[in-house]
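The values are calculated or read from the model by the stated rules, or taken from the named source; none is laboratory data. All values derive from a computational prediction rather than experimental measurement. A quick note on method: Cβ atoms are made from the backbone with ideal geometry, for glycine too, and the neighbour counts reach across all protein chains shown.
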Amino acid sequence: MPIEYRAERHRWLLSTTNTAYAIQLTEQGQLLHLYYGAKLPFETDYPAPPAEGRLASFHAGRYTWLAEISLPTGIFDTEPVLRPIFADGTRDLRLRYLTHEITETELLIRLQDEHYGLEVGLRYRVWADCDLISRRVELHNRGESPITFEEILSGSLPLPHDRDDFRLTHLAGAWASEYQLEQTPLTSGRKVIDGRLLNSGHANSPFFALDIDATENSGEVWFGGLEWSGNWKIVIEQAHQPYKFTRIAAGLNDYDFSWWLEAGQSFETPWLTLGYTGGGFGQMSRNLHRYQLDHLLPPAFAHDIRPVLYNSWEAVFFAVNEADQLALAEKAARLGVEIFVMDDGWFGQRDSDRAGLGDWHPSPTKFPNGLQPLIEKVKALGMQFGLWVEPEMVNPDSDLYRAHPDWVYHFPNREPTTGRNQLILNLARPDVEAWMFDWLDKLLGEHDISYIKWDYNRSVSEPGWPAARPEQQREIWVRHTQALYRIVDKLRQNHPQVLFEACSGGGGRTGLGALAHFDHMHTSDNTDPLDRLPIQLGYSLVYAPKTMYTWVTHTDFNQAKYSMRYRFLSAFMGSLCLATNLHHWSEAEMDEAARYIAEYKGVRAIVQNGTFYRLSPLTDPENLAVQYLSEDQQRGMILAYQRREHFWNNPTRLKLSGLEPTARYHLSGDLAEGEPAHLSGQALMQYGLMPKLEGYHDCALINIEKG
Ligand code: DGJ
């Protein structure tokens, strides 16, 4: 039973295969969090609430720190999940238990303010097979006056209160260096990681993990990700000795935020998906990856094999036209590419980033007969066709902006700041949402398009909405992302054959939120393999390898003169994409590339739908090694990379994971000299194998087969 209620103790127990989460209602009507950790044999094993005890009059009581939902009430020093202002100015929330509902996999606990007509629902979804629990808050204004909220989070979670030796892990970065690992011991105070944008941002990923001495394969980790790719915040707070309390709170960012809830209206927060494992960071990643494949991704393509893709951007930038794209497509088809995606530059006056955004009709000079002739020729070559769009943006030099200057975010009496010569369309406006859906729906209805790369290329500024009532203006942060998700969902309904990629100058829209609506995320604009490997490693901490298109290009930021093999094998870590100018490749290079693509097709089912293991420590991208195991566990693949060689840097043996100890495995590929071709699962996991890695920028691919 994933969800049980013990009436005699007013206790709810949520169980997954290996974890349990317990909540209790006290006699005084407080909802306390009892436990989140490894599943215990008996229901009675879960601890009773500690005595509230006495704290000094300067501090919140113990139950404030152990509350299932932190509230702004009494003396409190924790991050509140909700900050309402009632019509009479009261800024204090006292929730009392009303009822609860339990279904097969969901629990809803309904609470009600003791005086005002605000009902708060705490909804939990149990993903038993992935050892995860998703939570959100549902607000209903059952009173007669509006309620303003200055903060609405998705939930909060106390961590075991006898520990204060947690380490925080999160992903930080910047444009072209996304998902860099950050690890820091947690100290007392409040640490916030957040995004104050209309996209999730390159600087931080909406994810956290708190561990106690965890490694890749062992140790306790509590972790979570927000299913929201707009404004977000995660607060990790710890009380100093002697109290040793640690809490997490996460949800919509309260920066410049307010939400006006009219009488009779409701509001649902994004889901916050939480997990616990005793199996270290590796198990954490696998639970999150499985959740994405089995539950989160739009189901249409979640388990499909992703086509090998070609993207025109780094080959020609804005210089696209029918003849040149066709010439590239012919070469791509020869290589075994399965979907040809034309990137930026195909519409309006878009010859550079200075004009044309917003005018979504094929450029009359580049495509005088529209897109259909190119699409038909690409299809005749045996490939599908995909297209780049950036629907939320407009260049001031465009017909759209000249017709609707009021459609962009702006403040009156302030010059709007451009970024990449563009402004952001105000998607909170229903007329902009309707326009955006209509032209995309028409584009997909009139053309045989199988892939949309949805880009977003600047950060927000002047987030004003002068046409709205003042109390509504600061809702844009939420309304924008809600409208974006609605549009994509409706397009998917009308055009179920289309795969959607979320891109924002690379990984600026990455997150579990985007993955609930899009099939892929563009990992990074940095396609230099040396930089890309740590980016991909960080990505793998949270997001499934299948969801990243990993690009093979000619980019050489580090002037390292990589071999074609190094470029391709770095891209084997996810779904394979080619994005180089194929005219620059010799016949011999074309043949070599075709061989890698064929090789990738032979292993991609394992990479995309299999189980992923990191064989090297997260902290060592210099000697990165990963393993994939097929769904039926019969086949596997190892990828190992050596960034550079030192005299003293002896390659390490790779200890494999997830194998059947007494089964025999056949090994082939880049094994060091003298390595045996057959070993038991136990030998491979205990003693491991040595890949053949020699010199700078070398890489190894080793196939494993059971039997
Ligand atoms: C940023 C994306 O990340 C690139 O791949 C490319 O699509 C450009 N935008 C096009 O403007």
>> I'd like to verify a number: residues in the range 608-667 that are hydrophobic (A, V, I, L, M, F, W, C) and touching a Cys at 6+ places or on another chain (Cβ under 9 Å), how many?
In response: 2
>> Where the second residue is assigned to a loop (DSSP other than H, G, I, E, B) and within 12 Å of the ligand (Cβ to nearest atom) and the first is closer than 9 Å to TRP388 by Cα and among the aliphatic types (A, V, I, L, M) and lies in the range 335-353, which pairs have Cβ atoms under 8 Å and are six or more apart or on separate chains?
In response: VAL341/SER312; MET342/SER312; MET342/VAL320
> In the range 257-264, is there at least one residue being away from the ligand (no atom under 16 Å from the Cβ), surrounded by 22 or more Cβ atoms within 10 Å (Cβ to Cβ) and polar (S, T, N, Q)?
Replying inline: no
> In the set ARG286, ARG306, which member is surrounded by 19 or more Cβ atoms within 10 Å (Cβ to Cβ), within 17 Å of the chain's Cα centre (by Cα) and touching a residue at least 60 places away in the same chain (Cβ under 8 Å)?
Replying inline: ARG286
> Looking at (1) within 16 Å of the ligand (Cβ to nearest atom); (2) at negative phi, which is the one condition that is false for GLY358?
Replying inline: (2)
> Out of the range 483-534, which residues are aliphatic (A, V, I, L, M) and within 13 Å of the ligand (Cβ to nearest atom)?
Replying inline: ALA502, MET521
> What is the one condition in (1) touching a residue at least 40 places away in the same chain (Cβ under 8 Å); (2) more than 18 Å from ARG567 (Cβ to Cβ) that LEU624 does not satisfy?
Replying inline: (2)
> What tally of residues in the range 672-685 results from selecting those that are exposed (fewer than 13 other Cβ atoms within 10 Å of the Cβ) and of a type outside the set (A, V, I, L, M, F, W, C)?
Replying inline: 4
>> Looking only at the range 128-144, filter to residues that are in contact with an Asp or Glu (Cβ under 8 Å, 6 or more places away or on another chain) and part of a strand (DSSP E or B); which one of those is surrounded by the fewest Cβ atoms within 10 Å (Cβ to Cβ)?
In response: GLU138
>> Looking at the range 547-570 only, could you name the residues that are within 28 Å of GLY511 (Cα to Cα) and hydrophobic (A, V, I, L, M, F, W, C)?
In response: MET548, TRP551, VAL552, PHE557, PHE568, LEU569
>> For the structure I just gave you, tell me whether ALA87 is surrounded by fewer than 21 Cβ atoms within 10 Å (Cβ to Cβ), over 30 Å from THR510 (Cα atoms) and either touching a residue at least 60 places away in the same chain (Cβ under 8 Å) or hydroxyl-bearing (Ser, Thr, Tyr) (or both).
In response: yes
> Which residues, taken from the range 421-477, are within 16 Å of the ligand (Cβ to nearest atom), part of a loop (DSSP other than H, G, I, E, B) and hydroxyl-bearing (Ser, Thr, Tyr)?
Replying inline: TYR456, SER459
> Residue check: is TYR600 away from the ligand (no atom under 16 Å from the Cβ), in contact with an Asp or Glu (Cβ under 8 Å, 6 or more places away or on another chain) and in contact (Cβ under 8 Å) with a residue 60 or more places away in the chain?
Replying inline: no
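For every residue, the table says whether it meets (1) of a type in the set (A, V, I, L, M); (2) over 20 Å from LEU157 (Cβ atoms); (3) in a loop (DSSP other than H, G, I, E, B).
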position: GLN24; (1), (2), (3): no, no, no
position: LEU34; (1), (2), (3): yes, no, no
position: THR73; (1), (2), (3): no, no, yes
position: HIS100; (1), (2), (3): no, no, no
>> Among the listed residues ALA174, ALA209, identify the single one that is in contact (Cβ under 8 Å) with a residue 24 or more places away in the chain and either surrounded by fewer than 16 Cβ atoms within 10 Å (Cβ to Cβ) or among the basic types (Lys, Arg) (or both).
In response: ALA174
> List, please: which pairs have Cβ atoms under 6 Å, are six or more places apart or on different chains, and start with a residue in the range 498-509 that is over 19 Å from SER459 (Cα atoms) and end with one that is of a type in the set (Asp, Glu) and more than 9 Å from the ligand (Cβ to nearest atom)?
Replying inline: LEU499/ASP519; PHE500/ASP519
>> Filter the range 291-349 down to the residues that are within 16 Å of the ligand (Cβ to nearest atom) and aliphatic (A, V, I, L, M) and list them by number.
In response: LEU309, ALA315, VAL316, ALA319, VAL320, LEU328, ILE339, VAL341, MET342
> Given the range 164-259, what strands (runs of 3 or more DSSP E) lie entirely inside it while holding 1 or more residues that are under 23 Å from SER70 (Cβ atoms) and charged (D, E, K, R)?
Replying inline: 167-174, 189-195, 207-212, 220-226, 232-238, 246-252
> Considering only residues of the range 693-707 that are at pLDDT below 95 and at negative phi, which is surrounded by the fewest Cβ atoms within 10 Å (Cβ to Cβ)?
Replying inline: GLU694
> So PHE207 fits all but one of (1) in contact with a helix residue (DSSP H, G or I) (Cβ under 7 Å, 6 or more places away or on another chain); (2) of a type outside the set (D, E, K, R); (3) under 19 Å from ASP525 (Cα atoms); what number is the exception?
Replying inline: (3)
>> Which residue is modelled with the lowest pLDDT, if the candidates are limited to the range 642-651 and must be buried (at least 16 other Cβ atoms within 10 Å of the Cβ) and either among the hydroxyl-bearing types (Ser, Thr, Tyr) or in a loop (DSSP other than H, G, I, E, B) (or both)?
In response: PRO651
